[in-house]
Amino acid sequence: MVRRLGYAGMCACMAMLVSCAAGGKLLSATTANMAGALKDFCVSHGISTVETKRADSLYSLADQRIKRGQKGEAYDMLDRAVIYYRLALSKQELDLAERRLEDTREQARIQEEQLSEYREVVRELKGGAQ
């Protein structure tokens, strides 16, 4: 999951760099494509949060504005949708990292207990051998 998120972020950054060099029209199209790709990613991975719902709303409103010819406002909304989708993904990645950290801490605690038990057995063996 983390690799996919990292790859998606890298692709998004590259698309933004290319679109900046090519001009505003391509940038707007890239923003729309990025918003759509992030929306699809969130849907396909079952990510449904307050942030994704807000992004979905902005995405739908932007689509309506584009159809009415209000492209400037629409692309502003798409920019915000991208930010909300990325925020949702970042929060999910943070939650995953925190769970992994807790699991690692629990494993370390268990190993410390085992080590203490082994040390106690070694002490008993050394004491009995004398």
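The values are calculated or read from the model by the stated rules, or taken from the named source; none is laboratory data. Quick caveat, the model's predicted, so the values are computed rather than measured. All Cβ positions, glycine included, derive from the backbone under ideal geometry; neighbour counts span all protein chains shown.
Here is a yes/no grid of residues against (1) modelled with pLDDT under 95; (2) among the charged types (D, E, K, R); (3) surrounded by 12 or more Cβ atoms within 10 Å (Cβ to Cβ):
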site: Ala12; (1), (2), (3): yes, no, yes
site: Ala21; (1), (2), (3): yes, no, no
site: Ile47; (1), (2), (3): yes, no, yes
site: Gly69; (1), (2), (3): yes, no, no
site: Glu102; (1), (2), (3): no, yes, no
Scan of region 75-96 for residues that are touching a residue at least 40 places away in the same chain (Cβ under 8 Å) and of a type outside the set (Asp, Glu), ordered by number: Tyr75, Leu78, Ala81, Val82, Tyr85, Arg86, Ala88, Leu89, Lys91, Gln92, Leu96
Criterion: modelled with pLDDT of 95 or more, surrounded by 10 or more Cβ atoms within 10 Å (Cβ to Cβ) and out of contact with any helix residue (DSSP H, G or I) (no Cβ under 8 Å at 6 or more places or on another chain) - qualifying residue of Glu98, Glu120: Glu98
Residue match in region 28-35 (condition: at pLDDT below 95, in a helix (DSSP H, G or I) and surrounded by fewer than 18 Cβ atoms within 10 Å (Cβ to Cβ)): yes
